[in-house]
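Read through the structure below, which is laid out as structure tokens, and then see the notes.
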Amino acid sequence: MCGIVTAISTADIVPVLLEGLRKLEYRGYDSAGLAIVSNGRLARLRAAGRVAELAALAEREHASARIGIAHTRWATHGVPSERNAHPHISGGLAVVHNGIIENFEAIKSALQARGYVFESDTDTEAIAHLIHSKLAAGADLFEAVRLATNELHGAYAIAVLAEAEPERAVVARSGAPLLLGVGEHGMYAASDTAALLQVTRQVIYLEDGDVAELRLASHRIVRPDGSSVEREIHLSSLSADAVELGQFRHYMQKEIFEQPQALAQTLEIITGGGSVAPQLFGARALEVLGGVQRVLVLACGTSYHAGLVARYWLESVAKVPCSVEIASEYRYRDSVPDPDTLVVVISQSGETADTLAALKHAIAQGMQRTLAICNVPESAIVREASLRFITRAGPEIGVASTKAFTTQLAALALLTLTLAKLAGRLPEEQEARHLQNLRHLPVAVQKVLELEPEIERWAQRFAAKQHALFLGRGRHWPIAMEGALKLKEISYIHAEAYAAGELKHGPLALVDRDMPVIAVAPADELLEKLKSNLQEVRARGGELYVFADAGSEIPESEGVHILHMPEHYGMLSPVLHVVPLQLLSYHAALVKGTDVDKPRNLAKSVTVE
Ligand code: G6P
């Protein structure tokens, strides 16, 4: 979380910094700030709230410069306020930071003892004073940053600017993303490529431990011990369109509607191919996947729900025992390691601190068979795992994950088929049928999207509710969970999901006419059981909203509203059923007037515990 931009150019960089921050707002949006060196003086502007506030301030102040650093914040240490907004300053030095410095208290005490005065509640200010202390001891800026970062524990990406050295900025990273941009008119750095597309496509991914100096027409990278290192320049293929809103009102809406395309891109690797192959998961796949006895999925949030769906698939199709665990729990739990277990980490961002730590924890316990399913190729989680499957959803900007989720499911379906095949449990004709369904998935999802107008009408009624209950069974239970998560994330309506069979063991007590009950009702082997559960709701006066597959024969009646889904889609049905739930929460949030793409208190990539 938090986004960083740095620029040095022959032209005014303030518009570049602000545009970069706008693109990074998904990473955090409670305050923003920038520092520039203009006419030999360091100037800092900060504003609580969105980047738009900072932009207005910059305009009022006529801010303009050839070098600067900027930041959009998601508060960790200290409340969101102007005082805690970055950059933080020490003497003529300014620092912006993404991440968490775990030993900041110790650094702070040592610096306070030497007379440094702290003005904010942040851990970042300790970095600023620490670098300043190195400068005061005689180091130049580049060296001072390197020496200071050697003392930091935790995760960071930082950018540093000094009034005394206005010809360069210094950046460093460890455990948080940062890349350099090589432009025609200058050098840049940012938390992601999208922030730099405005000025360049040439990017250099920094490695953990790198410290880099940016000058107008050159850059230099060193390792923690000071040795120089060269890093390759990549030409980014990310299109500017992919991060523009276009005809849509919100990124979330755009991303919901991009799902057919995102799925088609993710599944392109099986187009035309008559069979699944382990190589879909990387060069070492055969070696890593062969002999796998069990699967352990580790993930957070929406990605965790993708794992829960996969458990049903892996056990029923591949007959591989599977457990799914929330990464933040697994990393601190005494568990029993097993070298024959495939550890699958799922993450749209590839940065989630808990998921990364859970993966490292599993590896440290001797679990070497690891696979990352991720939407960001160069991310920390991908680098850590021995196998990778990169979903090709394209950039997801809306904080509530949608297309990343459905493409994760596509990847997990491929994993299921691959493991089934390796275990000799996938007869050819079944494999062909599964592959055909996967290839047809984008079209099937497109059909579901056509239900939007009807869902919009339902959303009107939801918006007035305080609570909602989501029910599902089998592989659609995690879909009910995802529906509830989406609704609370963006509309702030309290929502809970239950396996429908559990209703009578507690939640039924909550059911009355004010509690809408949303049911995911695929025409699968559990449909009759689900119908009985729905009767239990009706009998208590609960109002039902049912997403029913064609042929499920649930009649519309007073208090029972039916949304007619297409025909049942077998194993992949969860991919279809999540779509109307995404739309329902989107439209409920619209009616309520919440900030759909940037819900309060949340962030897109959670790089802190
Ligand atoms: C945040 C995002 C969610 C996401 C979760 C896990 O909470 O807002 O949309 O599901 O993190 O993120 P990951 O990047 O690991 O999938």
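The values are calculated or read from the model by the stated rules, or taken from the named source; none is laboratory data. Values in this document were obtained by computation on a predicted structure and should not be read as measured data. Please note: Cβ atoms are built from the backbone with ideal geometry, for glycine as well, and neighbour counts cover all protein chains shown. With ligands, DNA and RNA removed, areas are computed over all heavy atoms of the protein, side chains included. Shrake-Rupley method; radii C 1.70, N 1.55, O 1.52, S 1.80 Å.
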*asked:* So the label point goes 7 Å from the Cα of ARG513 along Cα→C-beta, right? Which residues of the range 465-499 then have their backbone N under 20 Å from it?
replied: 465-469
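How large a share of the accessible area of the chain, in percent, is made up of carbon and sulfur atoms when the probe is 1.4 Å and the other protein chains stay in place? Walk me through the intermediate numbers first.
On the way: 11240 of 23040 Å².
Roughly 49 percent, rounded to a whole number.
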*In vacuo Debye scattering of the range 1-82, one point per C-alpha: log10 I(q)/I(0) at q = 0.22, 0.27 Å⁻¹?*
-0.94, -1.31
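Distance check, please: which entries in LYS465/LYS529; LYS531/LYS598; LYS447/LYS504; LYS134/LYS360 exceed 31 angstrom between their Cα atoms?
Values: LYS465/LYS529 27 Å; LYS531/LYS598 37 Å; LYS447/LYS504 34 Å; LYS134/LYS360 33 Å.
The answer is LYS531/LYS598; LYS447/LYS504; LYS134/LYS360.
For the range 476-543, state which GluC sites (Glu not before Pro) are in a DSSP loop and have at most 10 other beta carbons lying within 10 Å of their beta carbon.
Details: sites: GLU482, GLU489, GLU496, GLU502, GLU525, GLU528, GLU536, GLU543; in loops: GLU525.
When the GluC sites (Glu not before Pro) of the range 476-543 are filtered for loop state and at most 10 Cβ neighbours within 10 Å, GLU525 remain.
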_Set of aspartates and glutamates with alpha-carbon distance to LYS254 below 19 Å, sequence-local pairs under 8 removed_ = GLU25, ASP241, GLU244, GLU396, GLU450, GLU452, GLU454, GLU456, GLU482, GLU489, ASP595, ASP597
*Whole-angstrom Cα spans of the range 143-267 along principal axes, big to small*: 49, 33, 26
*asked:* Give the aspartates and glutamates reachable from LYS421 as a straight Cα distance under 16 Å; neighbours fewer than 8 places away on the same chain don't count.
replied: GLU287, GLU315, GLU429, GLU431
*Once you sort the root eigenvalues of the Cα gyration tensor of the range 366-449 as a ≥ b ≥ c, which label holds: rounded (a/c under 1.5), prolate (a/b larger than b/c) or oblate (the other case)?*
oblate
_Which of rounded, prolate or oblate describes the range 484-525 when judged by the alpha-carbon gyration tensor and an a/c cut-off of 1.5?_
oblate
*Can you give the accessible area per residue of the chain, in Å², using a 1.4 Å probe?*
38
*the range 96-178, Cα convex hull volume normalised per residue, Å³*: 87
_Amide H contacts under 5 Å for VAL606, placed H, 5+ residues apart_ = THR352, ALA353
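Which of rounded, prolate or oblate describes the range 205-297 when judged by the alpha-carbon gyration tensor and an a/c cut-off of 1.5?
Because a/c hits 1.5 or more and a/b fails to exceed b/c, the range 205-297 counts as oblate.
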_Ordering LYS531, LYS403 by accessible area with a probe of 1.4 Å, largest first, what comes out?_
LYS531, LYS403
*With no solvent and one point per C-alpha, what does the Debye sum give as log10 I(q)/I(0) for the range 38-166 at q = 0.21, 0.22 Å⁻¹?*
-1.30, -1.40
_If you average the C-alpha positions of the range 271-336 and of the range 349-409 separately, how far apart do those two centres end up, in angstrom?_
12
*Report, in whole Å, the centroid distance computed from the Cα atoms of the range 102-150 and the range 504-579.*
58
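From the C-alpha gyration tensor of the chain, pull out the three semi-axes of the equivalent ellipsoid (sqrt of 5λ each), sorted largest to smallest, in whole Å. Mind showing how you got there, number by number?
Working: eigenvalues 401, 149, 94 Å².
Rounded to whole Å, the semi-axes are 45, 27, 22.
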*Give the share of C-alpha pairs in each 10 angstrom bin for the range 314-413, from 0 to the last occupied bin, in whole percents, shortest bins first.*
16, 48, 32, 5
*Alpha carbons only, please: Rg and Dmax for the range 534-609, in angstrom.*
16.6, 48
_Sites GLU53 and GLU496 - FRET efficiency at Förster radius 35 Å, r taken between beta-carbons, to 0.05_ = 0.45
_Could you sort ASP140, ASP514 by their accessible area in this structure, using a 1.4 Å probe and putting the largest first?_
ASP514, ASP140
*Phi to ³J(HN,Hα) by Karplus 6.51 cos²θ - 1.76 cosθ + 1.60 over the range 399-407, Hz, x for Gly, Pro*: 5, 6, 6, 10, 5, 5, 5, 5, 6
*Starting from the range 243-340, pick out the GluC sites (Glu not before Pro) whose DSSP state is loop and whose Cβ has at most 16 other Cβ atoms within 10 Å.*
GLU244
*Computed [θ] at 222 nm, deg cm²/dmol, the chain (DSSP H ≥ 4; -39,500 (n - 2.57); rounded to nearest 500)*: -10500 deg cm²/dmol
*So for the range 387-428, what are the equivalent ellipsoid semi-axes in whole Å, largest first, each being the square root of 5 times an eigenvalue of the Cα gyration tensor?*
28, 9, 7
*asked:* Using only Cα atoms and rounding to the nearest 10 degrees, what angle (0 to 90) does helix 14-24 make with the longest principal axis of the chain?
replied: 30
*May I ask for log10 I(q)/I(0) of the range 379-538 at q = 0.14, 0.16, 0.17, 0.18 Å⁻¹, from a Debye sum over the Cα atoms as equal point scatterers with solvent left out?*
-0.94, -1.14, -1.22, -1.29
*Could I have the simple spin-label model distance between GLU167 and ALA432, label points 7 Å from Cα toward Cβ, reported in nm to one decimal?*
7.0
